[in-house]
């Protein structure tokens, strides 16, 4: 199962960055590859969200469960249904002093669609890497837009 990881440093306090990530609908306008994001259920500890994205001109959709740990500034997520055979990972928000936060996003996935043959798996991994980097950049852009 392929894994992709990315990190970014955001010049905002960890609690602020974490809150911005947790507000998925507020984050949606900053996610360029995500065409639709709809929160289906939400409690302080858990949310269920439906995503529709476009990869190589093809629609990819999934429903994701996010488990939020406010005390540890962490999120664990996994897909309950959708085009991915497996889709799970973590967000970790690490304070760096009082005014910066390092955010690390790790994603394990399997995507075995006929349109993505075995020869294209490297391309899919590159697209997934770009996708998580886009999520992190979108989070940074959102945090800085409120500055």
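Nothing in this text is a laboratory measurement; each read-out follows from the coordinates by a stated rule. This is a predicted model, so every value here is computed, not measured. When we count neighbours, we look across all protein chains shown, and the Cβ atoms used for this are built from the backbone with ideal geometry, even at glycine.
Every residue in the stretch 39-57 that is in contact with a helix residue (DSSP H, G or I) (Cβ under 8 Å, 6 or more places away or on another chain) and either in a strand (DSSP E or B) or surrounded by 13 or more Cβ atoms within 10 Å (Cβ to Cβ) (or both), please. Within the stretch 39-57, 39, 47, 49, 53, 55 meet the criteria. Residue 79 fulfils the conditions (1) part of a strand (DSSP E or B); (2) over 17 Å from residue 134 (Cα atoms); (3) touching a helix residue (DSSP H, G or I) at 6+ places or on another chain (Cβ under 6 Å) except for a single criterion, (3).
For the stretch 10-47, what are the residues that are free of Cβ contacts under 8 Å to residues at least 60 places away in the same chain and closer than 20 Å to residue 110 by Cα? The one that is free of Cβ contacts under 8 Å to residues at least 60 places away in the same chain and closer than 20 Å to residue 110 by Cα: 34. Among 35, 22, which is surrounded by 14 or more Cβ atoms within 10 Å (Cβ to Cβ) and over 21 Å from residue 130 (Cβ atoms)? Being surrounded by 14 or more Cβ atoms within 10 Å (Cβ to Cβ) and over 21 Å from residue 130 (Cβ atoms) holds for just one of 35, 22, which is 22. Every condition in (1) out of contact with any strand residue (DSSP E or B) (no Cβ under 6 Å at 6 or more places or on another chain); (2) surrounded by fewer than 18 Cβ atoms within 10 Å (Cβ to Cβ); (3) over 23 Å from residue 29 (Cα atoms) is met by residue 144 except one, and the failing one is (3). With the checklist (1) surrounded by fewer than 16 Cβ atoms within 10 Å (Cβ to Cβ); (2) in contact with a strand residue (DSSP E or B) (Cβ under 9 Å, 6 or more places away or on another chain) in hand, flag the one item residue 60 doesn't pass. Against the list (1) surrounded by fewer than 16 Cβ atoms within 10 Å (Cβ to Cβ); (2) in contact with a strand residue (DSSP E or B) (Cβ under 9 Å, 6 or more places away or on another chain), residue 60 comes up short only on (1).
Just to be sure, is residue 68 in contact (Cβ under 8 Å) with a residue 24 or more places away in the chain, touching a helix residue (DSSP H, G or I) at 6+ places or on another chain (Cβ under 8 Å) and assigned to a strand (DSSP E or B)? Answer is yes for this residue. The set of residues in the stretch 71-102 being farther than 26 Å from residue 36 by Cα and more than 16 Å from the chain's Cα centre (by Cα) consists of 71, 72, 94, 95, 96, 97, 98, 99, 100, 101.
Out of all the residues in the stretch 88-98, is one or more surrounded by fewer than 19 Cβ atoms within 10 Å (Cβ to Cβ), over 19 Å from residue 125 (Cα atoms) and out of contact with any strand residue (DSSP E or B) (no Cβ under 7 Å at 6 or more places or on another chain)? Checked against the condition, which is being surrounded by fewer than 19 Cβ atoms within 10 Å (Cβ to Cβ), over 19 Å from residue 125 (Cα atoms) and out of contact with any strand residue (DSSP E or B) (no Cβ under 7 Å at 6 or more places or on another chain), the stretch 88-98 yields at least one hit.
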